[in-house]
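The values are calculated or read from the model by the stated rules, or taken from the named source; none is laboratory data. Quantities reported herein were computed from a predicted structural model and do not represent experimental measurements. So basically every Cβ, Gly included, is an ideal-geometry build from the backbone, and we count neighbours across all protein chains shown. Just so you know, the surface numbers come from the protein's heavy atoms only, side chains and all, with ligands and any DNA or RNA stripped out. Shrake-Rupley method; radii C 1.70, N 1.55, O 1.52, S 1.80 Å.
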Amino acid sequence: MNAIPFDNSYARLPGSMHVAVAPTPVSAPRLIKVNEPLARELGINPALLTAEVAVGNAIPEGASPLAQAYAGHQFGNFVPQLGDGRAILLGEVVDVTGKRRDIQLKGSGRTPFSRGGDGRAALGPVLREYLVSEAMNALGIPTTRALMAATTGERVYRDAVLPGAVLTRVAASHIRVGTFQFFAVRQDFEALKLLVDHVSGRHYPHLKGAGNPALALLDAVMDAQAALVARWVQVGFIHGVMNTDNCSISGETIDYGPCAFMDAYDPGTVFSSIDTYGRYAYGNQAPIAQWNMARLAETLLAFIDKDREEAIRIATERIEGFPAIYTKYWLAGFRKKLGLVSEEDGDLELIQAMLDSLQMARADFTVTFRSLSNGEAPDALKDWLPAWRARLARDPQTAEERRALMQAANPVYIPRNHLVEETIGAAVERQDYRPFEVMLCVLMTPYVEQAGAERYAAPPAEVDGAYRTFCGT
């Protein structure tokens, strides 16, 4: 492993899909963290991942740096050209399992899509994305990954002057719903057809030979999104900017700017500073996923059927089926959280009754489910517990099997918002990365109780209804 084994399939697609651009060098790069296990998984010798590579000062042999073109609906408003304004795709590798993965630098300087921005990232958002994306992976949720983080030795100017940093992000790909929208709005059907073929072959090879490739792709992406969002809500995760340009075709979580984890259960919880009307509130995550899938369907109409009206009818029928797909995954996940392996018609009502009790009591979502896993009886659920116990009595598992199932579905540790902020503050204000290392270590085994890590399992002393997260741009 003396070189990074690049094989850049996206760079081989037509030039309308991307623009070749090199990272802008920085003055004094310094490594914060290299994810050595992930490097080895990618078939990369960690020794090759230097500070110079992490910030883009040194371009590894075989890389083909480019910025991807895409459009997107941002909070419901369509923008026909967005693109990678502060991210540069270095290239792709085929990892040790045979899976193709992107390697991207985020915060590496201006591109033709920067729209007047500086193309840089501040240290705080880089550390947030590193912590939260790796925590999501440890929770078993499909996500982009963090390979490296490094400071640049330069400042970025936002509401304050902040230390600059670059994140090296790994993804199955960075192709989004907005990528399809970019070509659909330009009526570039040739590029759309290439994109359908590329995405199907890369992410959904089982679709090979499908009679209607575009419709088969829509079905596959819908299923992946339904499964993904169901897993988000099962750990209390709220994606604060579910725009179509942040909706990954591969079914991975992408963009950890204005995101956070819910403490006290409330479907109306919003953390994003720019989500004034709660479009992306916890309770709206699934409806917005369906809305995003409708936008994807619109880009594929010409390929679904030559008759536009028939294509609309078929696509509408598929999109209207999204709630049933989502509910299937939602129920499966919450059954595990409550220790159930059998299925009964009343399970949805049982689960919803529990969540209603949590909301009334303002009880902590994560702590309550873990307490049930440990055989405790949370006071917030005292009126609901008899119905649950009666349901358990009809389930075939032993008590030991049920406990193991629940503990594997209900984490002890999530990236608590107040602790993430504390960790970022230590790094930004004092250049102290020890809290980052400690928190990252705890989050790597979220389902196992760890001695001495009690503070990472505890909710904040008070739920901060004013807590807000930001895009970091």
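Numerical summary
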read-out: Test: residue in region 274-291 that is touching a strand residue (DSSP E or B) at 6+ places or on another chain (Cβ under 8 Å) and either among the hydrophobic types (A, V, I, L, M, F, W, C) or farther than 26 Å from Gln359 by Cα (or both); value: yes
read-out: Listing of helices (runs of 4 or more DSSP H) fully contained in region 123-230 that carry 1 or more residues being crowded, with 24+ Cβ neighbours inside 10 Å and of a type in the set (Gly, Ala, Ser); value: 123-138, 177-184
read-out: Among (1) in a loop (DSSP other than H, G, I, E, B); (2) modelled with pLDDT of 95 or more; (3) closer than 25 Å to Gln68 by Cβ; (4) open to solvent by 10 Å² or more (accessible area, probe 1.4 Å), the one test that Gly251 misses; value: (4)
read-out: Elements of type helices (runs of 4 or more DSSP H) in region 297-382, at least 3 residues being farther than 22 Å from Gly268 by Cβ and open to solvent by 30 Å² or more (accessible area, probe 1.4 Å); value: 308-320, 322-337
read-out: Every pair of residues 6+ apart whose Cβ atoms lie under 8 Å, when the first sits in region 388-406 and is under 20 Å from Gln352 (Cβ atoms) and part of a helix (DSSP H, G or I) while the second is open to solvent by less than 30 Å² (accessible area, probe 1.4 Å) and basic (Lys, Arg); value: Met406/Lys337
read-out: When residues of region 8-18 are limited to those that are within 19 Å of Ala87 (Cα to Cα) and open to solvent by 50 Å² or more (accessible area, probe 1.4 Å), the one modelled with the highest pLDDT; value: Arg12
read-out: Of all residues making up region 20-52, the number that are of a type in the set (A, V, I, L, M, F, W, C), crowded, with 16+ Cβ neighbours inside 10 Å and touching a residue at least 60 places away in the same chain (Cβ under 8 Å); value: 10
read-out: Positions within region 78-122 being hydrophobic (A, V, I, L, M, F, W, C), assigned to a loop (DSSP other than H, G, I, E, B) and open to solvent by 30 Å² or more (accessible area, probe 1.4 Å), in sequence order; value: Val96
read-out: Residue match in region 329-343 (condition: closer than 16 Å to Val221 by Cβ and modelled with pLDDT of 95 or more); value: yes
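One line per residue, one yes/no per condition, for (1) over 16 Å from Arg128 (Cα atoms); (2) open to solvent by 20 Å² or more (accessible area, probe 1.4 Å):
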site	(1), (2)
Glu401	yes, yes
Ala404	yes, yes
Asn410	yes, no
Ile414	no, no
Val420	no, no
Thr423	no, no
Asp432	no, yes
Leu440	no, no
Arg455	yes, yes
